[in-house]
Amino acid sequence: MCSKRLRNARYYLSEFVRVSTRQNHHATFYFDLDDPYSTIMLPVLIEMEQAFQISFDIQVVEPRKPEFIPEQDAQERYSLIDAGYLAQAWGLDFPNLIPNQKRLKPEALRLLLLHRNTTSEWLELATKVTDAYWHGDFSVLHKLIANEKALDMFDVAGVLKNNTEQLYNSGYYSGSSIHYRGEWYWGLDRLYLLKNRLQKFSAQEHKALYYPDWGRVRVPSRPQDNVDMYFSFRSPYSYIAIARLMQHKNKYPIDEISFLPVLPMVTRGLPVPRAKKLFILKDAARIAHFENIPFGRVRDPLGDGVSSCMALYFHAPKEQQFDLIYKLMTDIWSLGKDVSQETYINDICKQFSIQPDKVHKSLKTKDYEDNLSNNMKNLSRLGLWGVPSFSKGKLTAWGQDRMPLVFSRAFQ
């Protein structure tokens, strides 16, 4: 599942089938009207269609099921802020949410579910519809409807349901995503992986009109502000973030970062359905391989492994903590080591000048739990829930994809 060699073999086999059967590049885009990440993808997809000669089958879907959205209210609030940052980075426009926006939804969906002959026609229509929807402009929607033979509301509900069932039956769970020949690409954050794949196979290099430049983003922080990083030893994305920090430690002073561990989502009672687990693991693997980060032989540390990591971390000398995190997570996510074994714990203690008796006592008393609880409370106060998350001045950000935003051009 995590093998780079097998993934590349699948790519080449898929391309061989495409070429031998004389198929054009074709993908499916799942669009969620209420998801700001879907809205800001539209102009970029128009450019991709022209640049890579790729066509898109458009499926308008319902919002994600609750079990796929831990802390739903917090996620929805954060997504509006984050989509604004992402739009700035890509040179796109994105409006604020309008309080009465929901009453425009039936009209907007009726327009979006009209059948179009080409991808470009639908994308152009969708750009107009979503712009009116997010700006709360009833008059524009009514003018568009007057010129179209729209579906009635019964058909809208039925088509939405069928499209959403197709999404889940395909093994994924979220709109704002592209499915291309066996792989999923979520949002603008994964387009670089799709573009890289297309450029391997006949699609020509081109100068992109839209591309991420995080220097464009106006952020509520100053360069001198220190960074708080919340992470979990069981999160593959946290591992990627730590590994990227290790790669760039000469560009950014590590001692200005406070590393704040939290318990895994499952331990905190937050749902992680199987489809989401599988996607996260596959997605993390391909990001890691793209970034030249070792990844593949995985040993899930849930339970005793996480406890061992916590006990070791909280008893390590402060100047050794970052190197210790990197060592533990590399062993978990690329070497498949059992970090709960006593021999392993003792070896780490020797390596990092940690007193083993304190670690073993800590494993019995769980004396680190107050620290974990405080970290989780602070993360919640920031309006965040998952890891890795970052706080810098008044800036808060979730995910390793936002490292260029937090750490400036060091990670551009």
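Read the figures in this text as sums done on the coordinates, not as results from a lab. Quick caveat, the model's predicted, so the values are computed rather than measured. Cβ: placed from backbone, ideal geometry, glycine included. Neighbour counts: every protein chain shown.
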Taking all pairs of distinct alpha-carbon atoms in segment 224-411, Kirkwood radius in angstrom: 16.8 Å
Dipole magnitude (debye, nearest 20) for segment 224-411, charges at Cβ of Lys, Arg, Asp, Glu: 560 debye
Just flag the trypsin sites (Lys or Arg not before Pro) in segment 1-52 sitting in loop per DSSP whose Cβ has no more than 12 other Cβ atoms within 10 Å. Arg22
Find the relative contact order for segment 224-411 and round it to a whole percent, using C-alpha pairs within less than 8 Å whose residues are 6+ positions apart. 32 percent
Filtered trypsin sites (Lys or Arg not before Pro), segment 324-412: DSSP coil and at most 16 other beta carbons within 10 Å: Lys366, Lys394
From the helices alone, meaning DSSP H stretches of at least four residues, give me the mean residue ellipticity at 222 nm for the chain, per-run term -39500 (n - 2.57), in deg cm²/dmol to the nearest 500. -15500 deg cm²/dmol
Using the charge dipole of the chain (Lys, Arg: +1 at Cβ; Asp, Glu: -1 at Cβ; taken about the Cα centre), state which of Gln75, Thr396, Gln199 has its Cα farthest towards the positive end. Gln199
So how far, in whole Å, is the C-alpha centre of segment 263-323 from the one of segment 170-244? 19 Å
Sorted from largest to smallest, which semi-axis lengths in Å does the alpha carbon gyration tensor of segment 12-200 give for its equivalent ellipsoid, taking the root of 5 times each eigenvalue? 27, 20, 17
Cβ-defined net charge surrounding Ile287, 15 Å radius [Lys, Arg +1; Asp, Glu -1]: +4
Looking only at Gly158, Gly336, Gly84, which one moves most when the chain is put into a Gaussian network model with springs between Cα atoms under 10 Å? Gly158
Using a 10 angstrom cutoff on alpha carbons, build the Gaussian network for the chain and name the most mobile of Val129, Val227, Val17. Val17
